[in-house]
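Have a look at the structure below, then the notes.
The values are calculated or read from the model by the stated rules, or taken from the named source; none is laboratory data. Every value quoted in this text rests on a predicted model; they were computed, and no experiment measured them. No Cβ is skipped: glycine too gets one built from the backbone with ideal geometry, and neighbour counts run over all protein chains shown. Heads up: the accessible areas ignore ligands, DNA and RNA and are worked out on the full protein's heavy atoms, side chains in. Shrake-Rupley method; radii C 1.70, N 1.55, O 1.52, S 1.80 Å.
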Amino acid sequence: MSRVRADEEEYWHSSKFRAFTFDDEDDELSQLKESKRTVNSLRDIVDDDDDDLERVSWSGEPVGSISWSIKETASGSTSSLEGRDSSLQKGSSSYAALPKQGSSYSLSSLFKGRNKLSSFQSLSDALTDTGVKTFAPELRRPRAEYKDYSSDWSPKDTVRRMQRGKVCSLERFRSLQDKLVLLDEAVAGHDGNVITAVLIFLKRTLRREILFRELEVRQVALCHLIHFLREMGEQKFLLDLLRFLDRTEEVALSQYREHLNIQDVEKRREFLKGCIGLPFSAEDTSHIQDHYTLLERQIIIEANDRHLEMAGQSELFRKYPRKASILNMPLVTTLFYSCFYHYTEAEGMFSSPTNLKKTFKIPDKQYVLTALAARAKLRAWGDVDALLTTKNWLGYTKKKAPIGFHRVVEILQRNNAPVQVLQEYVRLVEDADTRLNLATKYKCHDVVIETYRDLKDRIQLTAYKDKVERGSAEEEKIHSILSNMVRNAYS
């Protein structure tokens, strides 16, 4: 027996083809390359175009019609091994002739992909048939990998292997107790991916009522499952879970989110109208009501403005064509749109900015910020001035900016406001350092000169004289201020 094994080793290592090793991780790839080289080497003796040519067997003996058996039997294995041993002793590099059992496979048809009965069989199919085991070892995974598929891992060991990225089958955990222990071990491991993988397995193998009942006392796993269902969009399963947990507000919010999947604006409006009666909290109910009201207003505004734009009746629409529809836009975007196209409309109109401010209780700071950006973009400086002017009960007017005049200056500058307009609002900045920085940055020379004069800073005023144009009104103003400071010093 040892002689036979030694001859086998000698045969494999003396072959012109590379020897097969079970520890090679690229067994299948190398076998495929070897098979392709074998097919290419046989083209000289196998003619694909002429079936009448003489065919040869592996032993090199010409026959009229070659048939070889690929069915393995115990006697066949022994005889083939002995035959190969004897052929090796005679110095032959070929296999011994295989016993003929009336098979329909020929050497030519094997590499052509067909047999005598015109039934297709590929080379890989033929080589993986059971009979090939007689003279070719079976391809299999390296021995070191077999332990990855062991069915003896405990839930704890299974979780640890999953954390390391190993392949583990969860199907062997069949009892409810084993599945719950597996889930508890996953939660104890603090690995979100493992927890989610185990939850997917439980979701597939347990009835919903049982799964929901067990998750109710496992809050960490429950939160993971809820997040997973939301991410995957499994809305029905999520709603069933939330109803089981009696989380009515979350059920309502989950149903409300369905409006995002409704493209038709009229259907979305009707859906939102139905959501108003769901069991939301008081604050959420107010938001749902505002959402419905806003969409209703947007539908009306969109219809009217589309008509005006197509008819060409509005100069503003001709000069500044709309870039997008107002439908489904946020409240702030809708307010900007209204301030841009409908700023002068009466409060009774749905598209009026003041109507939107009153209906949706928009804070003064947000309203001024949005309206200022819209009117500055149109370079309507008169509207900007009126927006920032307030009148007290005695009839006196003054400038007031809820967002701060430094923000006003920045918005105006971004919209290329003239220096005269900028200077007017830079002067209103209360903090001297901030006022000086803004005035210097935007070249508001008069503001810089007046601020240094008020601070009685002769040094900075003298230095700033070199930054203005020679012979300009600003230079004359600096000379006048410095002269007055000198006279006042000696008086």
Of the residues Leu242, Leu278, which single one is part of a helix (DSSP H, G or I), of a type in the set (A, V, I, L, M), in contact with a helix residue (DSSP H, G or I) (Cβ under 7 Å, 6 or more places away or on another chain) and surrounded by 15 or more Cβ atoms within 10 Å (Cβ to Cβ)? Leu242
Yes or no: Gln366 open to solvent by 50 Å² or more (accessible area, probe 1.4 Å) and modelled with pLDDT of 95 or more? yes
Filtered residue count, segment 343-358, keeping only those that are open to solvent by less than 70 Å² (accessible area, probe 1.4 Å) and touching a His at 6+ places or on another chain (Cβ under 9 Å): 3
The conditions are (1) assigned to a helix (DSSP H, G or I); (2) on the phi > 0 side of the Ramachandran plot, and Thr354 fails exactly one of them. Which is it? (2)
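A quick yes/no check of all residues on (1) within 32 Å of the chain's Cα centre (by Cα); (2) part of a helix (DSSP H, G or I); (3) surrounded by 14 or more Cβ atoms within 10 Å (Cβ to Cβ); (4) of a type in the set (Asp, Glu):
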residue	(1), (2), (3), (4)
Gln263	yes, no, no, no
Lys267	yes, yes, no, no
Asp284	yes, yes, yes, yes
Glu302	no, yes, yes, yes
His307	no, yes, no, no
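Within segment 416-434, track down each residue that is touching a Cys at 6+ places or on another chain (Cβ under 9 Å) and open to solvent by 30 Å² or more (accessible area, probe 1.4 Å).
Val419, Arg427, listed by residue number.
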Might you check whether a residue that is in contact (Cβ under 8 Å) with a residue 24 or more places away in the chain, under 21 Å from Trp381 (Cα atoms), part of a loop (DSSP other than H, G, I, E, B) and in contact with a helix residue (DSSP H, G or I) (Cβ under 8 Å, 6 or more places away or on another chain) occurs anywhere in segment 443-466? yes
Among the numbered conditions (1) more than 21 Å from Glu424 (Cβ to Cβ); (2) out of contact with any helix residue (DSSP H, G or I) (no Cβ under 8 Å at 6 or more places or on another chain), tell me where His342 comes up short. (2)
Suppose we filter Arg269, Arg218 for residues that are at pLDDT 90 or above, more than 27 Å from Gln177 (Cα to Cα) and among the charged types (D, E, K, R); which single one remains? Arg269
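One line per residue, one yes/no per condition, for (1) surrounded by fewer than 17 Cβ atoms within 10 Å (Cβ to Cβ); (2) hydrophobic (A, V, I, L, M, F, W, C); (3) in contact with a Leu (Cβ under 8 Å, 6 or more places away or on another chain):
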| residue | (1), (2), (3) |
| --- | --- |
| Ala371 | no, yes, yes |
| Leu378 | no, yes, no |
| Asp383 | no, no, no |
| Leu387 | no, yes, yes |
| Thr390 | yes, no, no |
| Lys400 | yes, no, yes |
| His406 | no, no, yes |
| Val409 | no, yes, yes |
| Arg414 | yes, no, no |
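Quick check on this structure: which one of Gln298, Gln255, Gln289 is modelled with pLDDT under 90, assigned to a helix (DSSP H, G or I) and not assigned by the TED database to the domain that holds Asn193? Even if it seems obvious, please write down each step before you answer.
Details: Gln298 fails: modelled with pLDDT under 90; Gln289 fails: modelled with pLDDT under 90.
Just a single option satisfies the conditions, and that option is Gln255.
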